[in-house]
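Everything on this sheet refers to the single structure shown next.
Every number in this text was worked out from the coordinates using simple rules, so none of it is lab data. Please read all numbers here as calculations on a predicted model, not as lab measurements. Glycine gets a Cβ as well: all are built from the backbone with ideal geometry, and neighbour counts include every protein chain shown.
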Amino acid sequence: EALRVDTEGNVWAAGDDGLYRIRHDTFHTQPGLAETRDQRAHAVIEDSSGAIWFLYAKGLARLKAGRWEYLPNPDAESDLWTGAPSRDGGIYLACADYEGRGQYVEKVTVNGERQRLGSVSGYPRVVLERRNGEIWTATDTGVWRWDKGQFERVPFTGESGDHPVYAMIEDRDGKMIVAAFRRGMFREESDGTWRRLTTTNDPGSTLIVSLY
């Protein structure tokens, strides 16, 4: 998401021509860093320490306590696709290369250290940390949960095969909601099964790209 409201009420926006902070209906252009001037930020994340992270294809810009820092992506073959805050500080990143050679999720600590968690199949669309500490990611092949050092597929539809997922959230009850292309929306139940939320007469081509 290239639009984010932080805990202090600032609205952060990333556009083709730079970064903006909106405060009290006033636009403030952010100078950013020289390393990012030829790149477009495609996601804005606030971590648990209040730092604001801007995701670019080839690196991260972090604004903390008024100071900017740039963290280049150490994997030159992969781009940063999306991210999410970590409960203990820092962020999670979902990365992939356009040639399909590798898709993976990693954690970036508050100190800028990076830990690769594991590989997934498909291009990542969403990554999040649940309240119970589980790491989930949605890709164009389905939903994956990090378990015992690797990512395992979550069979939320009860059907075999790949099911592209472009949107996924955890609701206020701590249950996952998944929107799958041409399959509909599904909610995780207390017994571990999944219930379809959308009716069977929904248009088969419906594409849900965001959930809030």
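Computing volume of the Cα convex hull per residue in Å³ directly from the structure and comparing it against [x] 160; [y] 120; [z] 147 singles out [z].
Taken about its Cα centre, the chain carries a charge dipole of roughly 220 debye when the Cβ of each Lys and Arg holds +1 and the Cβ of each Asp and Glu holds -1.
In the chain the longest region clear of GluC sites (Glu not before Pro) that are loop-assigned by DSSP and have at most 12 other C-beta atoms within 10 Å covers 9-76. For the residue pairs LYS64/LYS148; LYS58/LYS107; LYS148/LYS175; LYS58/LYS175, alpha carbon separations beyond 23 Å are given by LYS64/LYS148; LYS58/LYS175. Positive-end ranking of PRO85, LEU128, GLY50 along the dipole of the range 49-140, with charges on Cβ about the Cα centre, is headed by GLY50. Take the Cα of LEU3, step 7 Å toward its Cβ, do the same at ILE22, and the gap between the two points is 0.6 nm. Around GLU159, under 13 Å between beta carbons, what's the net of Lys plus Arg minus Asp minus Glu among the other residues? So the environment of GLU159 carries a net charge of +3.
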